[in-house]
Structure formats: C-alpha cells, structure tokens
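Reading through the structure tokens given below for one structure.
The values are calculated or read from the model by the stated rules, or taken from the named source; none is laboratory data. Note that this is a predicted model, so its numbers are computed, not measured. Please note: Cβ atoms are built from the backbone with ideal geometry, for glycine as well, and neighbour counts cover all protein chains shown. Surface accessibility is based on the protein's heavy atoms, side chains included, excluding ligands, DNA and RNA. Shrake-Rupley method; radii C 1.70, N 1.55, O 1.52, S 1.80 Å.
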Amino acid sequence: MMNAQVMTRKQRQTTDDSERLLDISGLKIWYRTTRGNAQAVDGVDLLIKRNEIFGLAGESGCGKTTLARGILGMTKLPGFVESGEAVYYTRVSDTSFVGSDLLTMPARQIRQMRWQHLSYIPQGAMNVLSPVTRIEKQILDAMFEHSDMSKEEARARMYECLEMVGLEPTVAKMYPHELSGGMKQRVTIAAAISLKPGLIIADEPTTALDVNVQQVILQEMKDIASQMGLTLIYVTHDMAVHAEMADRLGIMYAGLIVEVAPVIETFKEPLHPYTRGLISSIPVIGGDRERMVGIPGNAPSPLDWPSGCRFHPRCPKVMDVCRGTAPPMLEVAPGHLVACHLYPTPISGAAPFAEER
Amino acid sequence: MTELKETKPVIDVRNTSKVFNIPTPGFEREYIAAVDQVSLKLYDKPAQIVSLVGESGSGKTTLARMMLGLTPPTKGEILYRGTRIQDLKKDAWWDFRRNVQPIFQDPFGIYNPFYRVDRALDMTIKNFDLASSKDEAVEIKSEALRAVDLRPDDVVGRYPHQLSGGQCQRVMLARTLLLQPKIIVADEPVSMIDVAVRMLFLNTLLDFRDKYNISSLMITHDLATAYYMGGPMIVLCFGRAVESGDIVQLLDKPSHPYTQQLLKAIPSPDPTQRWETRANVKITDRPLTREGSKCVYVERCPHAMDVCRQQRPPDFMIDEGHYTACFLHRDKPERSAVGL
C-alpha cells in the first residue's frame with residue numbers, strides 16, 4: 001500500500017490546487033461476513049479533477065458500486081470503512097480551496113454536503129422513485145432537506161432542472177408509473193442537479209435502457225456537465241459508453257484500481273492485460289468476424305483475493321513475480337498509471353518515489 | 001441466407017400476432033399488439049443462428065414465449081414440424097419439449113435457490129431417460145459441462161449463489177446440450193452477464209451450431225452481439241418486423257429508418273469517433289395503441305410521408321433475401337409470399 005500512497009503524493013505535486021476536486025487515498029471498504037471480511041474495496045488511490053468526466057470500469061463484483069457509495073459516505077453496515085480518506089475540496093474564494101475528509105465527517109455535516117456538493121444517481125435509478133408520490137413532491141422534498149431554499153425558489157429551480165433534462169413541466173404533476181424508463185431516469189438526473197452540486201456520481205445510469213434512449217441520456221448528461229461545470233464520475237461496465245463519454249478512465253479489478261489514463265490512451269494503447277481483455281471483448285460491427293476469447297476464468301472472491309497481482313490466475317502474460325508480489329501503481333507515460341509487473345519502470349521524474357518506498 | 005426449398009422448417013411462425021388487453025380506467029378498452037403479423041422460419045439443416053433485434057417493448061420476448069408454446073398467439077399460427085404447437089399430441093408434445101429449448105435472461109432467476117444447480121441436469125436426465133445407470137448419468141453430465149467450458153468440479157454440488165452469472169448461464173447451456181435439441185430459443189442470454197465472460201457464452205452457441213448442428217434464435221437488443229453471431233437477422237420495432245435479411249447485407253445497407261437510428265445510437269468503442277449527431281428521439285412519444293393501418297415508426301421517423309400514416313407498409317425487397325417494410329423503398333418489388 002506504501003507505493004500507492006507515494007503515488008498520490010506524487011499526483012498532488014503534479015496537479016495544482018484548482019484542478020483537484022476529490023482525492024481518495026488508501027481507501028478500504030470492507031463488509032463483515034460470517035466468513036471473515038469481504039474486502040470489496042481494498043486500497044484505492046484516485047484523484048478526480050475538477051470539471052472532468054471520470055469513467056470507472058470493471059466487471060461486476062469488482063467494487064465499483066461500493067467505491068461510489070463509499071465516497072458519498074453512504075457505506076452502511078455490514079460495510080465499513082477500514083481505512084483511508086476521501087478529501088473533497090470546496091472552493092472558498094477564487095484561489096483558495098478547503099479540503100475536508102468525507103469519510104470522517106459527522107453525519108450532520110455530510111447531510112449538508114449531499115446534493116449541494118455531492119449527488120448520486122443510483123443503479124436502476126428508475127426504481128428509486130416512490131410510486132405513490134408525485135414527481136414534484138419527491139424533488140422538492142429532497143431540495144428542502146438539503147438546503148434552506150424558499151418554496152418559490154425551489155419550485156422555480158425544479159422546473160428549470162426538468163427543462164434542462166428535456167422534460168415537460170407537466171411531468172412534475174405525474175406519478176412515476178405514468179413515465180417511461182427513460183423519463184424516470186431523466187427525473188432522477190433533474191433531482192441530482194437541482195442544488196447545483198460540484199460532483200455527481202452516476203452508477204450504471206443507462207444500463208437498463210434501450211440504445212436509443214441511452215444515447216439521449218448520455219448526451220444530455222454530457223451537456224449538463226459542461227454547462228454547469230460539474231464533475232461526473234461515471235460508473236459502468238460498458239466500455240463503449242466510456243469511449244463515448246469519459247475524459248479519463250479508471251479500470252478497477254478485485255477492489256483495486258489497476259489502470260488510470262486519458263480515455264484515448266486507454267483505447268489506443270491499453271497496458272494492463274485486464275484492460276486489454278476488456279477492450280478486446282467488445283463486439284464490433286463490421287470487419288472480419290473473428291472468434292473473440294474474452295477473459296477466461298472467473299472474478300475472484302473478495303473474501304480471499306489471490307496473492308500477488310490479483311489478476312494473475314486469469315492473466316495471459318503471467319510471470320513468476322506476479323504470484324508473489326503485488327505490482328505498484330506507476331506512471332509509465334504522462335498521466336497514464338498502471339499496476340502491472342510488465343511495466344516496471346516509471347517515466348523519468350517519478351524516480352524519487354522508488355527511494356521513498 | 002441460403003434457403004433450401006427441400007428442407008422444412010422446424011418452427012414456422014406464420015403471420016403471427018399477439019394482442020394484449022390493457023386495463024384502462026373507465027369502460028373503454030385499449031389493445032396493444034405486442035407482436036404484429038410477424039413471420040419467421042427456423043431451420044435445423046443447415047444449423048443457423050437467427051438474431052431477433054429490437055428495443056424493449058418491441059415484442060421480442062412475447063414472440064419467444066409463443067415459439068416455446070408458453071402462450072398462444074392471438075392471430076396466425078406457429079407450426080412445429082407442420083403441426084400447430086397448441087395442437088401437438090402427447091408424443092409430439094414431448095418431442096417438441098425436447099427439441100426446442102429455452103435459455104432465459106436472468107441466470108439466477110431460473111434456479112431454485114434451495115437446490116444444487118446440477119439438479120437441473122439430473123432432472124433432465126431423469127425426465128427424458130437419458131442414462132441407464134447412475135454412472136452413466138454422472139458421465140454424460142460431466143461431458144456436457146466440459147462441452148460448455150466448465151470444469152465439473154467447479155459446478156457439481158454447488159448452489160446457484162455460489163456461481164457467477166456466466167457459470168449459471170452455461171450450466172443452462174449444458175442442460176440443453178444433454179437433450180441435443182434442434183433449436184435453442186435464447187432470450188437476451190448475455191445481457192445480465194459480464195462483458196468478459198459474455199464471449200465464452202456466445203462462442204459456446206457458435207460451437208453448438210458448428211459441432212452439434214443446433215440452431216438458435218438469439219434475441220438481443222445489441223446489434224454488435226447479433227453481428228458477432230452472424231446469420232439472418234430480423235429487426236423488430238413495436239411488434240412489427242421492419243427489416244430482415246442476412247446480417248452482413250443488412251448492416252451494410254440498413255434501409256429502414258429505425259434500423260439506421262438503432263445503428264447510430266450504438267456507442268462506438270473508439271474514443272476518437274464519438275457521436276457527431278444529436279439523438280432526435282422524443283422519449284415521451286411511445287406509441288401505446290398500435291393501429292394496423294399505418295407505419296409503427298411514423299411518429300419518430302425523420303422521413304415520414306403522408307402515405308406512411310394512411311397505409312401499413314408492405315415488405316419491399318432491397319436485395320435477394322433482404323426485405324424492409326418502408327415506403328421509402330416503394331420502387332422496389334413487393335414481397336408477395338410471407339416468410340423470411
């Protein structure tokens with residue numbers, strides 16, 4: 001874990017304050033089970049920059065959702081934060097920023113942070129709406145809960161948000177069952193942006209939707225993010241969606257981030273064998289129909305991660321060193337970090353941290 | 001598509017519709033045609049994989065359920081080797097049950113959580129008398145599991161929650177393989193399993209076609225998956241087959257505006273080629289009641305003409321075996337006989 005923390009410190013140096021929004025280091029979120037602790041998120045280091053769309057990819061069970069909810073301080077028993085911090089930087093004036101750890105914040109304070117600074121669009125967002133309450137009341141209640149807006153202000157803002165996501169004002173008076181899946185998804189997005197948060201975490205928001213509707217929602221979210229200058233952490237297993245949306249992409253495997261790079265780099269030159277596997281198992285329309293292999297084997301269990309590099313039992317390029325030693329996260333090209341023994345040398349300038357280790 | 005006139009289709013869906021009655025407040029009734037006059041044929045010689053593509057609500061699953069004999073069609077008929085599924089007599093019904101096998105979407109929902117997963121295999125062996133002794137039963141069970149890329153040790157004696165979605169789904173494939181069916185009807189089989197193991201599942205279906213001569217009807221919303229499988233494809237839009245033909249031909253020259261829209265909406269796995277056009281779909285206008293006298297896609301179609309609102313478009317032939325139900329192509333010859 002030492003290496004990883006070293007890496008964060010390094011990133012802190014390379015990124016100036018105004019760019020930094022969320023700094024996660026050594027974050028471990030475990031679940032207590034009868035058979036020991038399930039180490040769902042097991043030492044994640046990540047730096048989210050202001051105004052970027054950060055994609056988080058990985059197969060199911062790799063800890064994506066646990067990480068997303070953990071950042072928001074939504075970890076519930078039997079889950080608990082074992083260690084680590086997630087520092088969120090708020091702008092206090094044009095040049096100064098104040099960081100506060102979301103994980104140690106008292107419940108009262110994080111309630112204030114939610115919606116005003118942090119918003120969450122959960123998985124299967126169409127099912128989070130109450131079936132017996134009008135859309136209007138659901139959005140307004142949340143707004144009153146998290147801010148001290150007056151009724152008129154809140155109502156005006158709600159209509160503004162509905163319009164931003166392309167919904168008619170009449171939708172406000174409707175019940176969820178009167179809306180289609182895509183419309184419900186838009187309602188949750190409207191609610192998420194209602195208090196102008198700085199960061200939205202969207203967890204598989206379009207997975208259950210049709211491709212046509214998915215395109216509409218993705219394009220809308222991208223527009224809203226750039227209009228409002230907000231940061232979006234977009235969690236999905238669908239690599240094609242990441243290619244369409246993300247600025248930077250983090251690949252998660254077995255509770256760890258194994259590769260972080262600008263999305264163009266990731267697709268042009270994926271380094272980690274797992275990333276390569278993910279990208280090569282996207283079926284493409286056109287061209288020769290070759291037999292694709294995917295990634296053989298099964299995702300490991302969080303109760304008992306494999307030793308050394310956690311991908312080694314499935315890795316096509318496994319070496320002896322992989323079985324015993326976990327690879328450190330190294331910056332092998334500008335902005336391109338990877339944790340794999342195939343790439344043991346960081347770019348020059350990153351060397352001092354090897355000494356520290 | 002190589003259409004051999006000599007061979008008879010195993011399943012022949014003829015102009016079939018399924019109409020549902022929607023409850024509405026008051027006394028008026030509303031009807032919705034989930035499947036609206038669809039025809040398709042599934043052959044076993046040669047084995048082929050037919051893809052059925054469409055959005056949710058396009059009637060894919062209803063069509064699959066009718067083909068499995070789970071629900072009767074409202075209009076039209078579905079023939080199994082020349083007999084209507086509903087009219088199959090005892091022996092023929094068992095023959096149908098054996099030769100047409102389903103794979104469902106949710107790999108966890110199909111197992112009873114209280115039983116071990118291999119019970120699905122044991123019961124199949126027992127019900128269809130596939131083995132004469134216990135040893136033989138174990139033997140064919142292991143063989144079937146190995147054929148779908150599973151190690152019997154990993155699976156036998158486990159409960160569903162101990163397996164991954166991909167493994168569960170492949171145990172289902174092993175079950176169908178025991179029966180050596182003629183047709184597999186797979187309803188969105190890969191939408192709930194991980195990308196990485198999705199390929200293993202699709203490859204197994206391809207192997208079934210090539211090694212065991214098993215045809216499949218692959219129902220999916222993902223055009224890229226359909227392309228990977230190859231073979232004939234049918235595009236469903238609000239219950240109607242709007243375009244059909246060999247997948248390469250069809251995706252090379254998509255002729256129906258709906259197919260074109262569907263193709264455009266697929267995110268491309270290349271960050272240097274992002275969407276250039278804005279999606280112009282209005283999510284709100286989802287046609288609920290479907291009238292027979294106009295094109296189903298007319299409300300969303302960018303090329304909508306007057307004739308589209310007055311008349312239901314017949315199938316026009318774009319190429320040999322490639323048909324589209326759109327008036328934009330009315331200069332092309334019209335298809336007279338129904339059937340893919």
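Can you sort B:H161, A:H272, B:H221 by solvent-accessible area, 1.4 Å probe, largest first?
Final ranking, largest accessible area leading: B:H161, B:H221, A:H272.
What residue among A:L218, A:Y175, A:L195 has its Cα farthest toward the positive end of the dipole of the range A:172-238, where the charges are +1 on Lys, Arg and -1 on Asp, Glu, each on the Cβ?
About the Cα centre, the residue reaching furthest to the positive side is A:L195.
Okay, helix-only estimate at 222 nm for chain B: each DSSP H run of n ≥ 4 adds -39500 (n - 2.57), divide by all residues, round to 500 deg cm²/dmol; what do you get?
Calculated mean residue ellipticity at 222 nm is -9000 deg cm²/dmol.
Carbon and sulfur together cover what percent of the accessible area of the protein assembly as shown at a 1.4 Å probe radius?
Carbon with sulfur: 50 percent of the solvent-accessible area.
Among the listed pairs A:K173/B:K294; B:K18/B:K41; B:K89/B:K182; A:K28/A:K268; B:K75/B:K253; B:K18/B:K60, which have their C-alpha atoms separated by more than 21 angstrom in this model?
Listed pairs above 21 Å: A:K173/B:K294; A:K28/A:K268; B:K75/B:K253.
Considering only A:T275, A:A243, A:M329, whose Cα is most displaced toward the positive end of the charge dipole of the range A:235-357, charges sitting on Cβ of Lys, Arg (+1) and Asp, Glu (-1)?
A:T275
Any chance you could get the radius of gyration and Dmax over the Cα atoms of the range A:107-254, in Å?
15.0, 48
Once you wrap a convex hull around the alpha carbon atoms of the range B:86-133, what is its projected area averaged over all directions, in nm²?
4.7 nm²
Provide a whole-number value for the mean count of partner chain Cβ atoms within 10 Å of the Cβ atoms in peptide A:205-214.
5
Scale the Cα Rg of chain A by the rule-of-thumb value 2.2 N^0.38 Å and send over the ratio, two decimals.
Working it through for chain A, the quotient is 1.02.
Could you calculate the FRET efficiency of B:T83 with A:R289 from 1/(1 + (r/R0)^6), where r is the beta carbon distance between them and R0 is 30 Å, rounded to 0.05?
0.25
What average number of partner chain Cβ atoms lie no more than 10 Å from the Cβ of the residues making up A:175-181?
Per-residue shielding by partner chains comes out at 2.
Can you spot the aspartates and glutamates whose alpha carbon is less than 17 Å from B:K141's alpha carbon? Ignore those fewer than 8 places along the same chain.
B:D118, B:D122, B:D129, B:D149, B:D153, B:D154
Compute, for chain A, the length of the dipole vector about the Cα centre, with Cβ point charges of +1 (Lys, Arg) and -1 (Asp, Glu) only. Units Debye, rounded to 20.
760 debye
Between B:K75 and A:M74, how many nm apart are label points set 7 Å from Cα along the C-beta direction?
Going by the 7 Å Cα→Cβ label model, 4.7 nm.
If you average 1/r over all unlike Cα pairs in the range B:1-140 and invert the result, what Kirkwood radius do you get in angstrom?
Computed over Cα pairs of the range B:1-140, the Kirkwood hydrodynamic radius comes out at 17.9 Å.
If you place +1 on the Cβ of every Lys and Arg, -1 on the Cβ of every Asp and Glu, and leave all else neutral, what size is the dipole of the range A:200-318 about its Cα centre, to the nearest 20 Debye?
Roughly 520 debye for the range A:200-318.
In whole percent, what relative contact order does chain B give with Cα contacts below 8 Å and a gap of six or more residues?
21 percent
Taking A:K137 as the anchor, which aspartates and glutamates have their alpha carbon closer than 20 Å to its alpha carbon, excluding any fewer than eight residues away along the same chain?
Of all the aspartates and glutamates, those that pass the test against A:K137 - Cα under 20 Å, at least 8 places apart if same chain - are A:E145, A:D148, A:E152, A:E153, A:E160, A:E163, A:E168, A:E178.
On C-alpha positions alone, give me the angle between the axis of helix A:2-14 and the longest principal axis of chain A, in degrees, nearest 10.
Approximately 60 degrees, to the nearest 10.
Once the Cα gyration tensor of the range B:76-203 is found, what semi-axes does its equivalent ellipsoid get, as square roots of 5 times the eigenvalues, in whole Å, sorted largest first?
Values for the range B:76-203, descending: 26, 19, 12 Å.
Quick check: residue separation of B:Y31 and B:D306 times 0.36 nm, minus the Cα distance between them. What number comes out in nm?
Contour length minus the Cα-Cα distance gives 96.5 nm.
Computed over the Cα atoms of chain B, what is the convex hull's projected area averaged over all directions, in nm²?
20.4 nm²
Given an 8 Å cut-off on Cα distances and at least 6 residues of separation, report the relative contact order of the range B:165-316 as a percent.
Taking the mean separation of contacting Cα pairs over the length of the range B:165-316, I get 15 percent.
Once the dipole of chain A is set up with Lys and Arg at +1 and Asp and Glu at -1 on Cβ about the Cα centre, which of A:G84, A:S119, A:A57 lies farthest towards its positive end?
After comparing all options, I get A:G84.
Give the cysteines in the protein assembly as shown for which no other Cys Cβ lies under 4.7 Å away, or write none if there are none.
A:C62, A:C161, A:C315, A:C340, B:C168, B:C237, B:C301, B:C326
Largest first, how would B:F20, B:F96 line up by accessible area (1.4 Å probe)?
B:F20, B:F96
Over the protein assembly as shown, one equal point on each Cα, no solvent: what is log10 I(q)/I(0) by the Debye formula at q = 0.08 Å⁻¹?
Debye curve over Cα of the protein assembly as shown, log10 I(q)/I(0) at q = 0.08 Å⁻¹: -0.70.
Return the Rg/Rh value of the range B:151-297, two decimal places, where both radii are evaluated on C-alpha atoms and Rh is the Kirkwood radius.
Here the Rg-to-Rh quotient is 1.03.
Would you mind calculating the relative contact order of the range A:131-264 from Cα pairs under 8 angstrom and at least 6 residues apart, reporting the percent as a whole number?
For the range A:131-264, the relative contact order is 19 percent.
Per residue, what volume in Å³ does the Cα convex hull of the range B:14-75 take up?
Taking only Cα atoms, the range B:14-75 has a hull volume of 93 Å³ per residue.
Kirkwood Rh, Cα Rg: Rg to Rh for the range A:215-282?
0.99
How do the peptides A:61-73, A:101-113 rank, highest first, by the average count of neighbouring beta carbon atoms within 10 Å per residue?
Packing proxy ranking, top to bottom: A:61-73, A:101-113.
Would you rank A:W115, A:W305 by solvent-accessible area, highest first, keeping every protein chain in place and using a 1.4 Å probe?
Of A:W115, A:W305, the descending order of accessible area is A:W115, A:W305.
Given charges of +1 on the Cβ of Lys and Arg and -1 on the Cβ of Asp and Glu, with all other atoms neutral, how large is the dipole of the protein assembly as shown about its Cα centre, in debye to the nearest 20?
1380 debye
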